[in-house]
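Below is one structure; the comments refer to it alone.
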Amino acid sequence: MPYSLSKSFVTLTAPAAVRVGALTLAEPIAAHWKAYGVHGKERTTLRQVLTHRSGRPRFPAEAAGRDLSPAQLSGSMR
């Protein structure tokens with residue numbers, strides 16, 4: 001089963017970088033990694049990434065009016 005180890009390494013090294021002053025939790029990631037700051041992510045902070053609060057869900061416009069109740073979803077998965 002494939003999985004990503006990079007998240008574990010970032011989670012271990014980021015606090016060390018904050019401790020020595022190389023990064024801050026409140027600073028946007030794009031301040032250090034310009035390519036990250038595209039498509040609305042220019043203000044995402046290290047704190048948001050480390051606490052899994054940086055996600056930006058994208059739903060198609062036609063999904064806005066759909067009934068996503070458990071009963072409706074279970075019926076559509078048959």
Report summary line: Quick note, the stretch 1-51: a/c under 1.5 would make it rounded; otherwise a/b > b/c is prolate and the rest oblate (a ≥ b ≥ c, C-alpha gyration tensor); here it is oblate
Query - Charge-dipole axis of the stretch 19-61 as Lys and Arg at +1 and Asp and Glu at -1 on Cβ define it, positive-most pick from Trp33, Pro60, Leu23 - result: Pro60
Report task. Count the net charge of all other residues whose Cβ sits under 13 Å from the Cβ of Leu25, scoring Lys and Arg as +1 and Asp and Glu as -1. Result -> +2
Query - For a label point 7 Å along the Cα-to-beta-carbon line of Ala64, residues of the stretch 3-46 with backbone N under 20 Å - result: 40
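Which of the peptides 15-25, 43-53 is most tightly packed, and how do the rest follow, going by the mean number of other Cβ atoms within 10 Å of each residue? Intermediate values should be presented prior to the final figure.
Details: 15-25: 12.1, 43-53: 15.0.
Packing order, densest peptide first, comes out as 43-53, 15-25.
Where a number appears in this text, it was derived from the coordinates with a stated rule and is not lab data. Source: prediction; values computed, not measured. Cβ atoms come from the backbone with ideal geometry, glycine included; neighbour counts cover every protein chain shown.
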